[in-house]
Ligand SMILES: Cc1ncc(C[n+]2csc(CCOP(=O)(O)OP(=O)(O)O)c2C)c(N)n1
Ligand SMILES: Cc1ncc(C[n+]2csc(CCOP(=O)(O)OP(=O)(O)O)c2C)c(N)n1
Ligand SMILES: [Mg+2]
Ligand SMILES: [Mg+2]
């Protein structure tokens, strides 16, 4: 809510991440950055720009193009007392580094009986909309949310981008931050002083009584726009920004759906076996099940890779009018 | 059903896979095997034993320990007209090869506008129960089921192991076969002559009217045992073996649940964000939703890595009594 | 083991010289036109231009047969043209049109022309290295004496797949030739800052593989190294690694601010332009005269203009076909 | 670049020789006891024994400080003991007991002893290579002059992570020493069938890294190479690669049928037993006398027997704690 009501210093999502890293590096010399072209180049999305000039090449490390090795190095550094922030240039490239993330970082604390920890932060620019085609546009967050030992967040606002990144740095566990590329330029209220947004808590972005729309990442903005349109026809949609996928804030979701009696989940990732499935299942298993006045509905990416052609690309992921249509159908069906 | 009613030549799951590969290699010289220790050693689970003696080292290729390269090589060979069958020694090691599987094999047909195809079969021994601990016991099938362009099957019987492997070899797309290690020694009816089991069709293993239990892999056997126990207290459970995760046989599932009005999904993989979530969501979105007399219930792996200690290991995944308890609760609740 | 360039090919004939120059001019023209179209807004997304690197793509592909295969990279327009693609269908692809090589689904980073033996560009750095190796394995299984050329960059040589695939290619003596276009940078990171050794060719020793380092801006030097490597591959003597030293004149992609290199360095390399250099050679050696060269230039310009016209006029894909070709149909069905 | 063994260490003192022999005997005793317990059924799952390779683990760890770190492998019992772990807590771990180093959650493939600087065995071949490199980066950031030793096998040197991590370690001159235990096989595949070159040490040249190939069954030769590599690492001169030639006497794991090697080969290597060999040396040089050696043997036997007794008597984990330690608690909270 703060993003709506608080006094205003508006900066972009990219600047919020930049500020969080800058403040963390100034406060804790163990914190350092590892990634491709994050130094003089400033990162493919300019999120780390100039940090190398302020903190030097020893703490803003351009790696060779070697995602598997870089991720393993980040795990080892964290294990030995460092506080690495690893940037994948595109989340798609994490497909080269699943081994150290999933077999090592996620499991070391457990496999060693709690005698070691891997405080590692991984930043993953993801999503479509840039015309970069199938290998630079994926939304793979569901893979990581399926892995015990990892924490997974998906900030939808500049405020949460900063607060979740700082919270991730405090966390003694590996935390993955999925950042949607189209959000980097989005502006919003961001307090200058460091603050934390708790990992594992969803945010109520708009209260409503007729339907609960649960959205993540870029879809939060679209869901809010859709809620505005729905309001014109007298339908009050409640919009919840999931923020954290693992741990998942089941309480908030169940309470909301029990109240509104309808659920629409919206994410950009491919619909089938996506995170919307877990949310739908969670509700279908919960006490909210008996309160449902309509079937649950999911909107997700089309069952295809992201195409290059911009018209097709847009058609491959949910848009505002898709959300409006799906929500209206559920509300009417329930009436 | 065939596994139950047909005449009997009973062989093991491992032998069924072996026979399928042997018949395919004899029938089509383009078919070859690629993997670690699949030659003289016969594969970690002896599934490829002796094939190198029959077909030679040119068609049963021991790779160095290099999963990423081997998977990429398999993709390239398939693209250029070969018919590789790639064996990962443990499915956990596919974490090193997500890039060629997900970015290349799954997307090439689409990215190239249908002008190329990748007929690739990948075998992945998976699951827990062998005391091999966290890095040799995972069930990661949900990751692949989330990727358009891939097909994913999980045979639960020797009959389906052979039939699905032969169907996968006929398929012009990449097909992943998840084989549970504890099933390799399981015996069942397997016709000697080559046959195909269609990819994308679930199998009704036991008809029943009170509840639908959807299970995969090793859990199918446990679900059938649970159904036997339930029958003693007069509860008739219908057991469906999913067999194929992508494509998913929604029709069969929806029809069954609409009839029984109750759904229990059981898999070994970690429960949250697992394949059970997709099945629960599919039903919660379907016309069967209105027929449900009880909330949907999922049983899956505990939210932790697989531990080494055998008692803990057993406790980490659903067992027969867990299934009986969950099903009974749903049935009573509905009554 | 050094690749013996002793048994080099005969010097290019006038015809071959004409072909080489024509292709280099066509690549240069294509890149400049694509850049202009991007500015105009008729091409979106991003693109990686190979201006200044034309001699490598052409010098390698001159010695290839139509039935030989190549795997290309994100910087692949030159490879695609050199292997024999139609620039009109390429421009249509970059314009996202249904008539494009990938029906507008792939774009610059996934452009491919299976018909002329190009298995495709790749959005993943190093993504083509193992694919090329596997294709070579398939060719050998098919008892063909064709080979596969694998293009990749200096940055890609730091990826693990380079190590895994080159080891297997050498171990199994596969008919594949690895061609590293060393343009000094992987995006913003110079080879000095990304590699613990001065050159990529030296890494071939870790696989007992023959290698050579050549001037990538000299189409004749590249052609000579390729000639030897191809002969070895076709004879079953195994893979080779050719490192071609060249330079990318433009930024890495459309969003590059060149913060990591100097104007002087760029100007120095501009003075080594591979096209001007080869033209000079052809004139000096009397291989081609000025009129012929002018005619080739004019033809390239005309071909590119026709390509742009074709692409602009071509229809976009029908959104109803969004999910077409996610899965290939069974040959039976097809 | 060859690792200069010129500035080798002084010959081991009687004390050091005693320590070396004690550790090798303890490792041998542990492996044999673990094997027997597996047969008895008190240890389940699988295990990878290092019988015959004791001299490498010991020769390397002799020169390490308690504050130095190591990353180990699936064949890691020897590394763990040589770095200073308590065999009782190790045996308890292999027995799946709460008192084990990993509270029975890790077992043989994940055994670790953070206290003595062992960051852990690894179930993933090559899984420790980048972790060791990253740990070395952290040590340097902490301005410590400690170093990290990374153990891995010949088979692991074919994994891409070997290439990526060694390149970065050399590029950044990190205090890490890569120790390849070349026992001729990666499971069933010989180095001749898995590597296109005869040795792993030669691959260091691809990273401009110093390297040495030593007799891994000669604890003194291993110790000497380590001495030089450690001095370089602590002095900031960068990483080294030591290849120790040795042999695995037992099968790869409990399920190995030895189909891929000959009895003769195994017998040949049995005749090169590193323990018998070092005992002979100590007697010849008068470093240790027969009584001392017998005493060390007896002590090792007693220590192992005590360990087995401890492990057998120790309680199993409480099933209610199944999901404990999946996540570490915040230091604040802890
Ligand atoms: C696996 C992977 N990592 C990073 C990137 C982002 N990226 C695209 S091109 C490039 C530089 C590649 O350098 P090089 O291999 O030398 O080729 P060049 O661009 O110089 O032609 C990078 C880092 C990518 N596409 N794929
Ligand atoms: C990534 C990965 N691939 C394969 C395996 C299966 N595996 C375990 S040990 C081993 C052989 C390793 O050989 P080497 O590195 O030489 O070590 P050694 O066993 O000889 O000590 C294999 C293939 C694994 N554990 N991890
Ligand atoms: Mg480059
Ligand atoms: Mg070995």
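Count of the range C:99-147 residues, restricted to those that are under 17 Å from the mean Cα position of the chain (by Cα), crowded, with 24+ Cβ neighbours inside 10 Å and at positive phi, is 3. Total residues in the range D:166-198 satisfying the condition of being within 23 Å of the chain's Cα centre (by Cα) and within 16 Å of ligand 4 (Cβ to nearest atom): the figure is 17. Taking only the range D:62-92 into account, find how many residues are in a loop (DSSP other than H, G, I, E, B) and surrounded by fewer than 22 Cβ atoms within 10 Å (Cβ to Cβ). So the answer is 6.
Yes/no per residue for (1) assigned to a loop (DSSP other than H, G, I, E, B); (2) over 19 Å from the mean Cα position of the chain (by Cα); (3) under 13 Å from residue B:156 (Cα atoms):
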position: B:193; (1), (2), (3): yes, yes, no
position: B:196; (1), (2), (3): yes, no, no
position: B:199; (1), (2), (3): yes, no, no
position: B:212; (1), (2), (3): no, yes, no
position: B:220; (1), (2), (3): no, no, yes
position: B:224; (1), (2), (3): no, no, yes
position: B:230; (1), (2), (3): no, yes, no
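The combined condition, being farther than 25 Å from residue B:173 by Cβ, buried (at least 24 other Cβ atoms within 10 Å of the Cβ) and touching a strand residue (DSSP E or B) at 6+ places or on another chain (Cβ under 8 Å), is fulfilled by residue B:39.
Conditions tested, residue by residue: (1) buried (at least 24 other Cβ atoms within 10 Å of the Cβ); (2) over 25 Å from residue B:23 (Cβ atoms).
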residue: B:134; (1), (2): yes, yes
residue: B:157; (1), (2): yes, no
residue: B:166; (1), (2): no, no
residue: B:172; (1), (2): no, no
residue: B:178; (1), (2): yes, no
residue: B:181; (1), (2): no, no
residue: B:187; (1), (2): no, no
residue: B:191; (1), (2): no, no
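Under the condition of being within 12 Å of chain D (Cβ to nearest Cβ) and farther than 26 Å from residue D:132 by Cα, the residues counted in the range A:33-77 number 0.
Residue count for the range D:103-147, restricted to those that are within 23 Å of residue D:235 (Cβ to Cβ), touching a residue at least 12 places away in the same chain (Cβ under 8 Å) and more than 8 Å from chain A (Cβ to nearest Cβ): 6. Looking at this structure, is residue D:146 in contact with a helix residue (DSSP H, G or I) (Cβ under 8 Å, 6 or more places away or on another chain) and away from ligand 4 (no atom under 16 Å from the Cβ)? Considered against the rule, which asks whether it is in contact with a helix residue (DSSP H, G or I) (Cβ under 8 Å, 6 or more places away or on another chain) and away from ligand 4 (no atom under 16 Å from the Cβ), residue D:146 comes out as yes. Picking from residues in the range C:162-181 that are assigned to a loop (DSSP other than H, G, I, E, B) and away from chain B (no Cβ under 11 Å), the one that is surrounded by the fewest Cβ atoms within 10 Å (Cβ to Cβ) is C:173.
The condition of being within 14 Å of chain B (Cβ to nearest Cβ), within 18 Å of residue C:27 (Cα to Cα) and touching a helix residue (DSSP H, G or I) at 6+ places or on another chain (Cβ under 8 Å) does not hold for residue C:57. Please work out if residue A:99 is closer than 28 Å to residue D:322 by Cβ, within 15 Å of ligand 1 (Cβ to nearest atom) and out of contact with any strand residue (DSSP E or B) (no Cβ under 6 Å at 6 or more places or on another chain). In short, yes. In this structure, does residue D:59 turn out to be within 13 Å of the chain's Cα centre (by Cα) and assigned to a helix (DSSP H, G or I)? So residue D:59 passes the test. Scanning the range A:281-324 for residues that are over 25 Å from the mean Cα position of the chain (by Cα) and more than 11 Å from chain C (Cβ to nearest Cβ) yields A:287, A:288, A:289, A:290, A:291, A:292, A:293, A:294, A:295. What do you reckon, is residue A:245 in a strand (DSSP E or B), modelled with pLDDT of 95 or more, farther than 18 Å from residue A:153 by Cα and within 14 Å of chain B (Cβ to nearest Cβ)? Taking the combined requirement at face value, the residue does not satisfy it. Given the condition within 16 Å of ligand 2 (Cβ to nearest atom), outside any helix (DSSP H, G or I) and closer than 25 Å to residue D:48 by Cβ, answer yes or no: does some residue in the range D:229-241 qualify? So far as the range D:229-241 goes, yes, one or more of its residues are within 16 Å of ligand 2 (Cβ to nearest atom), outside any helix (DSSP H, G or I) and closer than 25 Å to residue D:48 by Cβ.
Of all residues in the range D:182-191 being part of a loop (DSSP other than H, G, I, E, B) and over 13 Å from residue B:65 (Cα atoms), which is farthest from ligand 2 (Cβ to nearest atom)? That would be D:184. Restricting attention to the range D:19-55 and to residues that are more than 16 Å from ligand 2 (Cβ to nearest atom) and not in a helix (DSSP H, G or I), the residue that is farthest from residue D:313 (Cα to Cα) turns out to be D:44. Between C:153, C:107, C:117, C:128, the distinction of being away from ligand 4 (no atom under 16 Å from the Cβ) and touching a helix residue (DSSP H, G or I) at 6+ places or on another chain (Cβ under 7 Å) belongs to C:107 only.
Which number in (1) in contact (Cβ under 8 Å) with a residue 40 or more places away in the chain; (2) touching a strand residue (DSSP E or B) at 6+ places or on another chain (Cβ under 9 Å) marks the one condition that residue B:225 misses? The number of the failed condition is (2). Screening the candidates D:210, D:201 for the property of being within 22 Å of the chain's Cα centre (by Cα), within 16 Å of ligand 4 (Cβ to nearest atom), within 23 Å of residue D:227 (Cβ to Cβ) and touching a residue at least 24 places away in the same chain (Cβ under 8 Å) yields one hit, D:201. One residue stands out among those in the range C:76-85 that are touching a residue at least 40 places away in the same chain (Cβ under 8 Å) and touching a strand residue (DSSP E or B) at 6+ places or on another chain (Cβ under 7 Å): the one that is farthest from ligand 3 (Cβ to nearest atom), which is C:80.
Residues that are surrounded by fewer than 23 Cβ atoms within 10 Å (Cβ to Cβ) and within 16 Å of ligand 2 (Cβ to nearest atom): does the range D:205-228 have at least one? Yes, because at least one residue in the range D:205-228 is surrounded by fewer than 23 Cβ atoms within 10 Å (Cβ to Cβ) and within 16 Å of ligand 2 (Cβ to nearest atom).
Residue-level analysis places residue C:226 outside the set of residues that are within 29 Å of residue C:20 (Cα to Cα) and out of contact with any helix residue (DSSP H, G or I) (no Cβ under 7 Å at 6 or more places or on another chain). Of all residues in the range C:314-330, those being over 22 Å from residue B:175 (Cα atoms), touching a residue at least 24 places away in the same chain (Cβ under 8 Å) and at the interface with another protein chain (Cβ under 7 Å from one of its Cβ atoms) number 2. Of everything in the range D:192-226, what is touching a strand residue (DSSP E or B) at 6+ places or on another chain (Cβ under 7 Å) and either assigned to a helix (DSSP H, G or I) or within 16 Å of ligand 3 (Cβ to nearest atom) (or both)? Give them in sequence order. Selection gives D:193, D:194, D:201, D:204, D:221, D:222, D:225, D:226. Determine whether residue B:128 is touching a strand residue (DSSP E or B) at 6+ places or on another chain (Cβ under 6 Å) and over 15 Å from residue A:99 (Cβ atoms). Judged against the criteria, residue B:128 is not a match. Do we have any residue at all in the range B:88-101 that's without any contact (Cβ under 8 Å) to a residue 40 or more places away in the chain and surrounded by fewer than 24 Cβ atoms within 10 Å (Cβ to Cβ)? No.
The values are calculated or read from the model by the stated rules, or taken from the named source; none is laboratory data. Just so we're clear, the structure is a prediction, and the values are computed from it rather than from any experiment. Using ideal geometry, Cβ is built from the backbone for each residue, glycine included, and neighbour counts are taken over all protein chains shown.
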